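Data block below; observations after.
The values are calculated or read from the model by the stated rules, or taken from the named source; none is laboratory data. Only a predicted model underlies this, so the values are computations on that prediction, with no experimental measurement involved. Positions of Cβ are generated from backbone atoms using ideal geometry, with glycine treated the same way; all protein chains shown enter the neighbour counts. Ligands, DNA and RNA are excluded from the accessible area calculation, which covers all protein heavy atoms including side chains. Shrake-Rupley method; radii C 1.70, N 1.55, O 1.52, S 1.80 Å.
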Number of protein chains: 2
Amino acid sequence: MAESWVNHAERIGSDLHLELSAPGSRRAALIRALREAVRGGRLAPGTRLPPYRSLAVDLGVARNTVADAYAELVAEGWLTSRQGSGTRVAERTEPLRPAVSAPLKTPVKTPARARGPRHDLRQGTPDSSAFPRAAWLASYRRALHRAPNEVFGPGDPAGRPELRAALAEYLARARGVRTEPDRIVVCSGVAHALRLLFGSGVLRGPLAVEAYGLPFHRELLAAEGVRTVPIPLDEHGALVDRLGRERAVLLTPAHQFPTGGPLHAERRAAVVDWARARGGVVLEDDYDGEFRYDRKPVGALQSLDPERVILLGSVSKSLSPAVRLGWMVLPQRYVGDALAAKGEREAWASILDQLALADLITSGAYDRHVRRMRQRYRARRDRLVAGLAEHAPHIEAGGIAAGLHAVLRLPPGTERSAVQAAVRRGVALDGLAEFRHPDTDMPARDGLVVGYATPSEHAYGAALEALCGALPQGEARVPATPAPS
Amino acid sequence: MAESWVNHAERIGSDLHLELSAPGSRRAALIRALREAVRGGRLAPGTRLPPYRSLAVDLGVARNTVADAYAELVAEGWLTSRQGSGTRVAERTEPLRPAVSAPLKTPVKTPARARGPRHDLRQGTPDSSAFPRAAWLASYRRALHRAPNEVFGPGDPAGRPELRAALAEYLARARGVRTEPDRIVVCSGVAHALRLLFGSGVLRGPLAVEAYGLPFHRELLAAEGVRTVPIPLDEHGALVDRLGRERAVLLTPAHQFPTGGPLHAERRAAVVDWARARGGVVLEDDYDGEFRYDRKPVGALQSLDPERVILLGSVSKSLSPAVRLGWMVLPQRYVGDALAAKGEREAWASILDQLALADLITSGAYDRHVRRMRQRYRARRDRLVAGLAEHAPHIEAGGIAAGLHAVLRLPPGTERSAVQAAVRRGVALDGLAEFRHPDTDMPARDGLVVGYATPSEHAYGAALEALCGALPQGEARVPATPAPS
């Protein structure tokens, strides 16, 4: 998919070149050019736009100019933006408000928002129709009734003690984490944790990362001046013996994101040894550790050495990204720095949501919800595998033992056209190329990352059908008309 | 009060000098020295510690070392930390957990927290016992029931449209703000807004600020590499004709923080003219705009020119700092940049809290709560003024027409001893010196900043009594024994 952007960027670039030489700012020219490209159909609905940086380089404009233009077009409804998944052309491309600045007024209605794609199989979010509203409200009510007045005064940057105690107990039980509440710092999610740790000098770059990973994390780290150094992957996860002179490495040990499997046991031990020998630290992004289907969950790497591993987690996959709560489980020596950074510079996460989550966990409702969702997602995974076996038996699904997404492996060179075929059928998903570190020298893999958790239950069947219809035809699908004997 | 820290810092500094030459890290030595100073009683409960930077300079250690030591001692319960008001010695100085690293375990109980001072008259927070729990829960329940599923999916970095529409209507009605929902960006509070705007290059320093203001804001900006340039104040607010070559100025036009009155009408016009002439921008921190007692509220400066003023607000004073919600009302030209900065780098504020606040506002419950609190705080202010008239008639209270705090004006050179006398009586409050910009050349003012909103209703009388008992005795208080004629 990344390659397709070269094409798009060039096409836009040459158009823009004409526009950018016209009177007015480059920002305005870029907005016009992009708007025209969408309106004229050259950028189809669902199409992912190139990252700010690439387009800025292509066009010879400042990165902020591109960011600004994208944001303006998002506000206008031409584009949609989504954390971790970039900016795309909106499905509904009627302008939602005048492109020129409207006279000041106080509208009584909120503007309609652009709708998403018809079939959303992008990775990264749980089924938003499955949020446990009743259980959450019950926990929220109990927490609010029980809260002492001091809850409504100035807060502790570490987070509410009720939540840290509940997390310590839960993470020990569910993920094998070894910690205590005083080593847990509540934050808004894993991205927030990374920014806190690297933006305030608690940790310093360069940071080793897996050669395939979330571009959003790389970009966030780059914005904090942290260089990321890719280490290659094989079927057993990151080749940790390739770690260089970095002092910190970010891994997804339970379920490599996005390619699939857990980090091999020997490598788990090896990376902890590496951290001990170098005085370094392993950041464990435990992004979907609760969702394992076919065998016992892989415990957190953190348990191997709580003084050498920082565990990062959140409820973004287990509950909803709308509940902006995550956590860092820290070695003792980082607690002071993390609190100092957070206390001075950071807004705290919603105190009432923290109390509600603590109640949800201690009441057992969180476990019940996770179990229910695990069953639901396992059933969806099974339907995906069955659908492939029927309609595209030549395509293998990887990384399916756990998580909220699968990777459909494709023959070399076919990923880009497969993504485009999916977009034409109204299916939004990403190719593996989206997640590839630009500096890695490991051979590229072709594949589609299918987020099977994202659609609501009733929409999943149609999404699966559309996906199967868009997959490249294998040889096995050529109608074999046997010659009469 | 700042001067008193020189003393403290010197005392600690000389002790520490001995400690710091001992084996072990300077961090550990500093922690030991501070702990001993508290344990030995040289640093009394409630005492405010010097800012990181000052102590770091005094001791010749890195600023992070001091921050780290403070954070560690906060975690241990020796110190307490509070956003915007620095670090103080905890009232309860028994160590709450072992100073050395405890073996890893999962405690079943949360550790007790250090209690605050006996009488808390620090500025900055509303009465935490007055949070409208029932109204908030009702709004939260309605919002949760009404929320479409997409609420639980990936969010819009601008914030929920329901909240932005409610804020546009409310701010227009209550504060005279001229805007529309698409120009409002939801964030976690004013400090968060400043960090977003300056940390991501939406605005650039240097930033002109009032010579008296919140140290927390200055420190946050300094951490983002933004130099603040103080402009002097008189009884009509900031001397905006002293604005230099900066392109941005941060003001508190409705109620200068902390010294008192509103910005004079001529200066309101002048600063907007300045922004127009320089292509600059005014940041309006409308931190307590809703709380005006004796006359019609001063409308937001923003209404003079919505393209030249950024209004910053939050519910931290009107509801609680525990509800981590604030907003930026932006000129059109900054909206794109602010969204780009937020979308790429920032966690969003709690979506459910956003929906609850939107309901609280549109249902009228927010207005009712603000009116109720306005009456309560006005009554407290009246009691403060009456108490002063009776017990300390020589002391004048300033800045009392609005807000949640008053300034008790003191004779030159008496502030430090007045703060110390208050601390001895268990009253926590700040002297004006705490808020003075270190680079200003305007003459220092002596005064006590009395936050009369902070105590709960039943505790206010005792706090007031303790305060009055601690005030310096004026000549009028010398018993006048008339000579027999």
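What gaps in nm, shortest first, separate residue B:118 from its twins in the other copies when you place the label 7 Å past Cα toward the beta carbon?
Values, ascending and in nm: 7.4.
Go through B:419, B:431, B:464 and say which Cα lies farthest out towards the positive end of the charge dipole of region B:368-470; charges sit on Cβ, +1 for Lys and Arg, -1 for Asp and Glu.
So the residue furthest toward the plus end is B:464.
If B:278, B:146, B:368, B:267 are ordered by their accessible area, calculated over protein heavy atoms with a 1.4 Å probe, which sequence runs from highest to lowest?
Working: B:278 90, B:146 150, B:368 125, B:267 45 Å².
Heavy-atom accessible area, descending, gives B:146, B:368, B:278, B:267.
If you take the beta carbon distance between residue A:53 and residue B:425 as r and set R0 to 51 Å, what does 1/(1 + (r/R0)^6) give as a FRET efficiency, to the nearest 0.05? List each step's numbers first, then the result.
Details: r = 59 Å, r/R0 = 1.16.
The computed FRET efficiency comes out at 0.30.
Just counting partner chain Cβ atoms within 10 Å, what average do the residues of peptide B:165-176 show around their Cβ? Present the calculation step by step, with values, prior to reporting the outcome.
Values: counts 6, 1, 0, 5, 3, 1, 1, 3, 1, 0, 0, 0.
Taking the mean over all residues of the peptide, I get 2.
Measuring label to label, 7 Å along Cα→Cβ, what does residue A:234 give against each other copy in nm, shortest first?
7.9
Using only protein heavy atoms and a 1.4 angstrom probe, determine the accessible area buried between A and B, summed over both sides, in Å² to the nearest 100.
Details: alone 21950 and 21920 Å², together 36440 Å².
Rounded to the nearest hundred, the buried surface is 7400 Å².
Evaluate the charge dipole of region B:225-318 about its Cα centre and quote only its size in Debye, nearest 20, assuming +1 on the Cβ of each Lys and Arg and -1 on the Cβ of each Asp and Glu. Write out the running numbers ahead of the final one.
Working: 13 positive and 14 negative charges, 49 e Å.
The calculated dipole for region B:225-318 is roughly 240 debye.
In region A:307-401, if the dipole is taken from +1 on Lys/Arg beta carbons and -1 on Asp/Glu beta carbons about the Cα centre, which of A:364, A:336, A:326 is farthest to the positive end?
A:364
Would you mind checking which residues have amide H under 5 Å from residue B:209's amide H? H placed 1.01 Å from N; only 5 or more apart, or other chain.
Answer set, sorted by chain and number: B:229, B:231, B:250.
Count, for each residue of B:140-147, the Cβ atoms from other chains sitting within 10 Å of its Cβ, then give me the mean as a whole number. Walk me through the numbers on the way to the answer.
On the way: counts 6, 4, 0, 0, 6, 3, 0, 3.
Partner-chain Cβ atoms within 10 Å, mean over residues of B:140-147: 3.
Please report the spacing between the Cα centers of region A:246-278 and region B:237-315 in Å, no decimals.
53
Could you name the aspartates and glutamates whose alpha carbon sits less than 15 Å from that of residue B:342, not counting residues in the same chain fewer than 8 places away?
Counting by Cα, and skipping residues close in sequence, residue B:342 has these aspartates and glutamates nearby: A:68, A:72, A:219, A:224, A:346, B:156, B:182.
Taking residue B:363 in one copy and the same position in all the others, each labelled 7 Å out along Cα→Cβ, what are the pairwise distances from the first, in nm, shortest first?
Nearest first, the other copies' label points are 1.9 nm away.
Could you name the residue in chain B with the C-beta closest to the rotation axis that superposes chain B on chain A, along with the separation in whole Å?
Value returned for chain B: B:350, 2.
Show the residues, 5+ positions off or on another chain, whose built amide H is closer than 5 Å to the amide H of residue A:46.
Distant-sequence amide H within range of residue A:46: A:89, A:90, A:91.
Sort region A:265-377 into rounded, prolate or oblate with this rule: let a ≥ b ≥ c be the square roots of the eigenvalues of the Cα gyration tensor; rounded if a/c is under 1.5, and if a/c is not under 1.5, prolate when a/b is larger than b/c, oblate otherwise. Working shown, then result.
Details: a/c = 2.67, a/b = 1.16, b/c = 2.31.
Judged from the Cα gyration tensor, region A:265-377 comes out oblate (a/c at least 1.5, b/c at or above a/b).
For residue B:317, give me every one of the aspartates and glutamates with a C-alpha distance below 13 angstrom, ignoring sequence neighbours fewer than eight places off in its own chain.
B:127, B:285, B:286, B:288, B:290
Taking each residue of B:445-456 in turn, how many C-beta atoms of other protein chains fall within 10 Å of its C-beta, and what is the average? Intermediate results must be reported in sequence, preceding the final value.
Details: counts 0, 0, 0, 0, 0, 0, 0, 0, 0, 2, 0, 1.
That average works out to 0.
Does region B:375-485 come out rounded, prolate or oblate, given a ≥ b ≥ c as the square roots of the eigenvalues of its C-alpha gyration tensor, rounded meaning a/c under 1.5 and, failing that, prolate meaning a/b above b/c?
On the way: a/c = 1.75, a/b = 1.15, b/c = 1.52.
Oblate is the answer for region B:375-485, as a/c is 1.5 or above yet b/c matches or exceeds a/b.
To the nearest 20 debye, what is the magnitude of the charge dipole of region A:209-271 about its Cα centre, counting +1 on the Cβ of each Lys and Arg and -1 on the Cβ of each Asp and Glu? Write out the running numbers ahead of the final one.
Details: 7 positive and 8 negative charges, 39 e Å.
Roughly 180 debye for region A:209-271.
Mind ranking B:242, A:183 by accessible surface for me, highest first, 1.4 Å probe?
Working: B:242 140, A:183 5 Å².
Accessible-area ranking of B:242, A:183, largest first: B:242, A:183.
Which residues among region A:235-254 fall inside the zone where the amide N is under 16 Å from a point 7 Å beyond the Cα of residue B:62, along Cα→Cβ?
Answer for region A:235-254: A:247-248.
If you plug each phi of region B:313-330 into the Karplus form 6.51 cos²θ - 1.76 cosθ + 1.60 with θ = phi - 60°, what whole-Hz ³J(HN,Hα) values come out, in order, with x for Gly and Pro?
These are the phi-based 3J(HN,Hα) values: x, 7, 9, 5, 8, 7, 10, 5, x, 6, 8, 7, 10, x, 8, 10, 9, 10 Hz.
Tabulate in residue order the Karplus-calculated ³J(HN,Hα) for region B:269-274, using 6.51 cos²θ - 1.76 cosθ + 1.60 with θ = phi - 60°, rounded to whole Hz; enter x for Gly and Pro.
Ordered by residue, 3J(HN,Hα) equals 5, 5, 6, 5, 4, 4 Hz.
Suppose every Lys and Arg Cβ carries +1 and every Asp and Glu Cβ carries -1, with no other charges. What dipole size does region A:368-485 come out with about its Cα centre, to the nearest 20 debye?
On the way: 16 positive and 12 negative charges, 143 e Å.
The dipole magnitude comes to about 680 debye.
Would you mind checking region A:267-290 for residues with the amide N under 20 Å from a putative spin-label position 7 Å along Cα→C-beta of residue A:374?
A:285-290
Please find the FRET efficiency linking residue A:222 to residue B:465, where r is the Cβ-Cβ separation and R0 is fixed at 41 Å, and quote it to the nearest 0.05.
Working: r = 57 Å, r/R0 = 1.39.
Efficiency, from the Cβ-Cβ distance: 0.10.
On the full set of protein chains, 1.4 Å probe, figure out the accessible area of residue B:192 and give it in Å² to the nearest 10.
The value for residue B:192 is about 10 Å².
Using a 1.4 Å probe and counting only protein heavy atoms, arrange B:235, A:210 so the residue with the most accessible area comes first. Intermediate values should be presented prior to the final figure.
On the way: B:235 140, A:210 15 Å².
Descending order: B:235, A:210.
Apply the Karplus parameterisation 6.51 cos²θ - 1.76 cosθ + 1.60, with θ equal to phi minus 60°, to every residue of region B:363-370 and state each ³J(HN,Hα) to the nearest whole Hz, in sequence, with x for glycine and proline.
Each residue's phi maps through the Karplus curve to give 7, x, 5, 5, 4, 4, 5, 4 Hz.
I'd like the FRET efficiency for residue B:333 and residue A:150, computed as 1/(1 + (r/R0)^6) with the beta carbon distance as r and R0 of 30 Å, rounded to 0.05. Mind showing how you got there, number by number?
Details: r = 42 Å, r/R0 = 1.40.
Calculated value: 0.10.
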